[in-house]
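Enquirer: My questions will all concern the structure given below.
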Amino acid sequence: MEQRILKKKVAVLGSASGKLTEEQHEKAYAVGAAIAQLGGVVLTGACHGLPHDAVRGAKDRNGLTIGISPAAHLEEHIAYYGYPTDGSVLIFTGMGRKGRNVILVRSADACVFVGGGMGTLNEFTIALDELSEKDAIAILVGSGGIADELPKLLAQYGTPPTPFIIHESNPDTLVERIFSPLPKR
């Protein structure tokens, strides 16, 4: 029987809109490129902004990307949400943004948080609930938005840091740590 090696699926979660800096765009792009360079698959919410920058980074490295859309079909994805269609694969959930977030996070082996607002915070709480089933949750510190607040929130209200919650400011190092073997649970 042939043994199959599955690619690691890494969700890149962050700001889809709002005031984003060139540095944030560059960091998200670098995250996507690093995931593809290490043979992983980039998962996103099929939206604009920082997640789409990660898609562009992965595609520039010939990587595979999967967008989990809140729309029920392509027409709604484009006309109602105004989302891009240039990723490798689109999966339509028909569940709106919050429902899509659950499917996106639960489909990932690891989650990377870059920038973000309330929607990203929603995705983070889902990932935190699923931590025992994830390889890691990674926070790109210094990427702005909610990502810079997550370590403080965890320290004050949530789970104490573990080897499975990675805080890192360098996109390449962050992704390398996700792909490095972590201690057994």
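Enquirer: Which pairs have Cβ atoms under 7 Å, sit 6 or more apart or on different chains, and link a residue in the range 168-181 that is at pLDDT 95 or above and of a type in the set (Asp, Glu) to one that is surrounded by 13 or more Cβ atoms within 10 Å (Cβ to Cβ) and not in a helix (DSSP H, G or I)?
Expert: GLU168/ALA138; GLU168/LEU140; GLU168/VAL141
Enquirer: While we're on this one: Would you check which residues across the range 47-101 are within 22 Å of VAL31 (Cβ to Cβ) and aliphatic (A, V, I, L, M) and list them?
Expert: Hits for the range 47-101 are LEU50, ALA54, VAL55, ALA58, LEU64, ILE66, ILE68, VAL89, LEU90, ILE91.
Enquirer: Moving on. Please determine, by comparing only the residues of the range 71-126 that are hydrophobic (A, V, I, L, M, F, W, C) and touching a Lys or Arg at 6+ places or on another chain (Cβ under 9 Å), which one is farthest from ILE139 (Cα to Cα).
Expert: ALA71
Enquirer: Continuing with this model, one more query. Being touching a Ser or Thr at 6+ places or on another chain (Cβ under 8 Å), crowded, with 18+ Cβ neighbours inside 10 Å and not polar (S, T, N, Q) is the filter here; which residues of the range 111-127 pass it?
Expert: PHE113, VAL114, GLY115, GLY116, listed by residue number.
Enquirer: Every residue in the range 54-109 that is assigned to a helix (DSSP H, G or I), touching a Gly at 6+ places or on another chain (Cβ under 9 Å) and not aliphatic (A, V, I, L, M), please. I'd like the intermediate steps shown before the answer.
Expert: Taking the range 54-109 as the starting set, the residues that turn out to be assigned to a helix (DSSP H, G or I) are 54-60, 74-79, 96-107.
After this cut, where a residue has to be touching a Gly at 6+ places or on another chain (Cβ under 9 Å) as well, the list is 54-60, 76-77, 97-98, 100-101, 104.
Selection gives ARG56, GLY57, LYS59, ASP60, GLU76, HIS77, ARG97, LYS98, ARG100, ASN101.
Enquirer: Given ILE139, ILE91, ILE66, which one is of a type in the set (Val, Ile, Thr) and buried (at least 22 other Cβ atoms within 10 Å of the Cβ)?
Expert: Of the residues listed, the single one that is of a type in the set (Val, Ile, Thr) and buried (at least 22 other Cβ atoms within 10 Å of the Cβ) is ILE139.
The values are calculated or read from the model by the stated rules, or taken from the named source; none is laboratory data. Predicted, not measured: the structure shown is a model, and the values here were computed from it. In this analysis, Cβ positions are derived from the backbone assuming ideal geometry, glycine residues included, and neighbour counts consider all displayed protein chains.
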